[in-house]
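Worksheet: one structure, shown below.
The values are calculated or read from the model by the stated rules, or taken from the named source; none is laboratory data. This one's a predicted model, so the numbers in the text were calculated from it and none came from an experiment. A quick note on method: Cβ atoms are made from the backbone with ideal geometry, for glycine too, and the neighbour counts reach across all protein chains shown. Note: areas computed on protein heavy atoms with side chains; ligands, DNA, RNA excluded. Shrake-Rupley method; radii C 1.70, N 1.55, O 1.52, S 1.80 Å.
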Amino acid sequence: MKARVKSSASLSLDHSVKPEQSSALFALLEEHEHEQVSLVYEPSSGYRGIIAIHDTTLGPALGGTRFWNYSNDREALIDCLRLARGMTYKAAVAGLNLGGGKSVIIGDNKIRNREPMFRAHGRHVKALGGRYITAEDVGTSVSDMEFIKAETDHVTGLIGKSGDPSPVTAFGVYRGIKACARHRYGDDALKGKTVAIQGCGHVGYYLADLLYKEGAQLIVTDIDAAKLKGVVNDFRATPVGADEIYSAGANIFAPCALGGILNDQTIPQLKVEIVAGAANNQLAEDRHGDMLEARGITYAPDYVINAGGLVNVNAELEGWTMERARNKAGEIYDTILMVFDIAAEESMPSYKAADRLAERRIAAIAKVRQNFV
């Protein structure tokens, strides 16, 4: 599937893009064969948004809106492209009839007057004609989704419906951690195990609650002092500095913040047997999955273990009950074990085995669709 770009209002990342830089940008799209990327600048609100659609073989592309103050526009584009591809694979391994997409808004996510920004984003989503459906993500909330809803129906995670996906995401991660424990130790019980959680936001908090109730010991960190204090107080967790979490003496490391945290600097510091957490794009590069494998660390591929959030918003689209959504997220346990089985059978790291599982489903459905065209 060849990459193609659609311009909605402004296609250039800035007014100084040179021809050789433009070629580099198209190369980014071609790397993973994204179907479509749309960039919009709306001057009255200051909105600068990117929407990436990676693949719609299984259905419309679904992925949240991330609001982040990126260092530059190229960094924002790369993040959006990586996240969109991850959503394709996440939906495929979760058995959902959805494709993968993502959107980013570039700027300060602490702004108080949010309506103009998110109304502009809603119009951007609407312009794609249903090929992309959005939801909340880092830096956005269910209230922001209501502003988007004023401009388009292609949004989920609304107040009074599926709402905050964090509890279901955390439950899926919890089930994934138990699957990793079963694979590693032969028993999925977490009582007495020590889990180091990086990130005490919504998902990290709910995950800490589930682990604490099972009797796990918690080591936690967060750049937000208030969030860190909440988890420490509520679950008797031990706080550590942001950089100390990597070398913490624990059985399991659960990254639940931003991506790229498994890299050349952090992997050598790890003292754990399992890495399993909610963050997207945990591997800074694919080769870091090989580094984990070489160190004998069991790795739960991020888009497999954190698929509960996608399951939650899919429940809203399909009219599922929250109980059905939670049960579906619980199936992550079996999917993680299936990934480990493929890895063992084909002698490959788990991150490659997860890709193999996703690609098999996408290819199978693509053939069915071709046969009935």
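Values for this structure:
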{"item": "Burial order of peptide ranges 250-262, 144-156 (average beta-carbon count within 10 Å, highest first)", "result": "250-262, 144-156"}
{"item": "Placed amide H near Arg66: partners under 5 Å, 5+ positions off or other chain", "result": "Ser103, Val104, Ile105"}
{"item": "Interchain or long-range residues, amide H under 5 Å from Asn109's placed H", "result": "Asn69"}
{"item": "Test item: Cα-centred dipole of the range 105-255, Lys/Arg +1 and Asp/Glu -1 on Cβ, debye", "result": "260 debye"}
{"item": "222 nm mean residue ellipticity, helices alone, for the chain (DSSP H n ≥ 4; -39,500 (n - 2.57); rounded to 500)", "result": "-14000 deg cm²/dmol"}
{"item": "Inverse of mean 1/r across different Cα pairs in the range 223-373, Kirkwood, Å", "result": "17.4 Å"}
{"item": "For the range 82-131: rounded, prolate or oblate by the Cα gyration tensor [a/c cutoff 1.5]", "result": "prolate"}
{"item": "Pairwise FRET efficiency - Arg356 versus Lys271, Cβ, R0 = 41 Å, nearest 0.05", "result": "0.90"}
{"item": "Kirkwood-Stokes translational diffusion coefficient of the range 101-180, alpha-carbon pairs, 10 °C, 1.306 mPa s, µm²/s", "result": "116 µm²/s"}
{"item": "Heavy-atom accessible surface of the range 271-370: percent carbon and sulfur, 1.4 Å", "result": "48 percent"}
{"item": "Under the Karplus curve 6.51 cos²θ - 1.76 cosθ + 1.60, θ = phi - 60°, whole-Hz ³J(HN,Hα) for the range 250-255, x wherever Gly or Pro sits", "result": "9, 7, 10, 10, 10, x"}
{"item": "Given charges at beta-carbon only (K, R positive; D, E negative), |dipole| of the chain in Debye", "result": "580 debye"}
{"item": "Val368/Lys110 FRET efficiency (R0 56 Å; Cβ-Cβ; nearest 0.05)", "result": "0.75"}
{"item": "Cross-link pairs beyond the 26 Å C-alpha cut-off, checked among Lys110/Lys213; Lys271/Lys352; Lys191/Lys328; Lys126/Lys161", "result": "Lys110/Lys213"}
{"item": "Translational D in µm²/s for the chain (Stokes-Einstein at 10 °C, 1.306 mPa s, Kirkwood Rh from C-alpha pairs)", "result": "76 µm²/s"}
{"item": "Karplus (6.51, -1.76, 1.60) ³J(HN,Hα), θ = phi - 60°, over the range 144-149, in Hz, Gly and Pro reported as x", "result": "5, 5, 5, 5, 5, 4"}
{"item": "Mean Cβ neighbour count within 10 Å, used as a protection proxy, ranking 302-308, 354-360, 239-245 highest first", "result": "302-308, 354-360, 239-245"}
{"item": "Kirkwood-Stokes translational diffusion coefficient of the range 32-161, alpha-carbon pairs, 25 °C, 0.890 mPa s, µm²/s", "result": "172 µm²/s"}
